[in-house]
Amino acid sequence: MSKRDYYDVLGVPKGAGADEIKKGFRKKAKELHPDRNADNPNAEAQFKEANEAYDVLKNAEKKAAYDRYGHAAFEGGMGGGGGQRGGQHPGGDFSSAFSDVFDDLFGDFMGGQRGGGGGGRQRATRGSDLRYNLRISLEDAFRGMQKTINVPTSVTCGSCEGTGAEGGAEPTTCPTCSGMGKVRAQQGFFTVERSCPTCNGLGQMIKNPCKSCHGHGRVEKDRSLSVNIPTGVETGTRIRLAGEGEAGLRGGPPGDLYIFIEVSGHDLFERDGDNLYCRVPVSVAKAALGGAIEVPTIDGGRGRVQIPEGSQTGRQMRLRGKGMRALRGGGVGDMFIELAVETPVRLTARQKEILREFEDISEEANNPESKSFFSSVKGFWDGMKG
């Protein structure tokens, strides 16, 4: 019985590219999976046929020979057509063929997990990134500052210079995984890859561990770092210090340190972006007659604002350029003064007398909000009666 055309076997057109061939093979492999073909006695033979076709067409040189000469290119022991694969004909063991499928379809991904062409060696593992929460005052956020912080972290062991071996000796290759850091086990039709149990996936072993770091290549230590806090930072601002994180394992590169800023609340100012709000209490007389008042500013200075006559609680006045400095030199916000008219308490007899006299001579025009409110109340009551 003559062999079927390899392109027909994979269900792709003649001259198909590598991606199309791989896609066709993937589809065929799924169709012919033993779990889906329990009642098909020909599934195994068809799968081997697809594997043989893919073995030729995925190889540029074999594919070129096949495109020119067909199956005759591999007759007479010339290799290909699945001819010889590691000394075993492609029509051999089905589980071995399925293992080849697994490698072809997922080898790139697993290779990336193993570190590419370097096998599975994890000789130098990057250190972990660290987080440090730093609380500062609103004044510090306005001015910016240099802050010294103490960070508990792992640093490279000085005794072994990060190798983990006594005297700085080089680790030896793991005999179980041959330095790959991974071992494979056959489970039915699948080949499963796991971390090597002997070296814990490192690919190397240390015969004489360093006494200072116990073979880890790093030790715990507090470090003092100077951090530049720029002006305008807000709660949630993140500052990255490259290479200041945890030391790498066995000489690997260090991680980074991320400083998360939290700006404390303030007794006088409330922040909204680059603007500041300051609630200022004023007396009834000051609100009624108007006049100038002094208010604090975030830079430690004083601002002077004029209160208009008849000001009510909640009225705002703006001091331009007296807010927060924006992060990375983006300008300066404003400060808003919000008035809170304060009702006097603990009055003397004379003060009460003056207020009663004032009440007696007051007119509706002196209290426009009261007039409007009680007019609405009267209309409401009249409506309810109706």
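Values as computed for the structure displayed
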quantity	calculated
Dimensionless Rg/Rh of segment 162-203 - Kirkwood Rh, Rg from C-alpha atoms	1.16
Derived scalar couplings ³J(HN,Hα) [segment 292-297; Karplus, 6.51 cos²θ - 1.76 cosθ + 1.60; whole Hz; x for Gly, Pro]	8, 9, 9, 10, x, 10
Cβ-based net charge around residue 314, under 12 Å, with every Lys or Arg adding one and every Asp or Glu removing one	0
Net +/- balance of residues flanking residue 46 in space, Cβ distance below 14 Å, scoring K and R +1, D and E -1	+1
Solvent accessible area, Å² - residue 137, 1.4 Å probe, full protein context	40
Cβ-based net charge around residue 344, under 14 Å, with every Lys or Arg adding one and every Asp or Glu removing one	+2
Too-long pairs where the Cα-Cα distance tops 29 Å, listed order kept, from 147/211; 182/207; 62/182; 14/182; 352/385; 63/182	147/211; 62/182; 14/182; 352/385; 63/182
Cβ-placed point charges (K, R +1; D, E -1), dipole of segment 219-263 about Cα centre in debye, nearest 20	160
Interchain or long-range residues, amide H under 5 Å from residue 229's placed H	145, 146, 147
Potential lengthening between residue 382 and residue 345 on full extension [0.36 nm per residue; Cα-Cα distance subtracted]	9.7 nm
Residue 234 paired with residue 305, simple spin-label distance in nm, labels 7 Å along Cα-to-beta-carbon	2.2
Computed log₁₀ I(q)/I(0) - Debye formula, equal Cα scatterers, no solvent, segment 227-315, q 0.15, 0.17, 0.21 Å⁻¹	-0.75, -0.86, -1.05
Leading residue at positive end of dipole, segment 207-350 (Cβ point charges), from 308, 347, 242	242
Spread of Cα-to-Cα distances over 5 Å intervals beginning at zero, given as percent, for segment 271-386	2, 9, 14, 15, 14, 12, 10, 9, 7, 4, 3, 1, 0, 0
All-pairs alpha carbon distance profile, segment 167-246, 5 Å steps from 0, percent	3, 11, 13, 12, 12, 10, 9, 9, 9, 7, 3, 1, 0
Distant-in-sequence amide H partners of residue 129 (H built 1.01 Å from N, under 5 Å)	256
Rg/Rh (Cα only; Kirkwood hydrodynamic radius) as it applies to segment 320-386	1.31
Cα centre as origin, Lys/Arg/Asp/Glu Cβ charges: segment 182-266 dipole, Debye	620
Principal axis dimensions, largest first and in whole angstrom, of segment 149-287 by Cα	91, 46, 18
Amide H within-cut-off set for residue 237, under 5 Å, with H built and near neighbours excluded	261
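The values are calculated or read from the model by the stated rules, or taken from the named source; none is laboratory data. Note that this is a predicted model, so its numbers are computed, not measured. Note: ideal-geometry Cβ built from the backbone for every residue, glycine included; neighbour counts use all protein chains shown. The accessibility values were calculated without ligands, DNA or RNA, using every heavy atom of the protein model including side chains. Shrake-Rupley method; radii C 1.70, N 1.55, O 1.52, S 1.80 Å.
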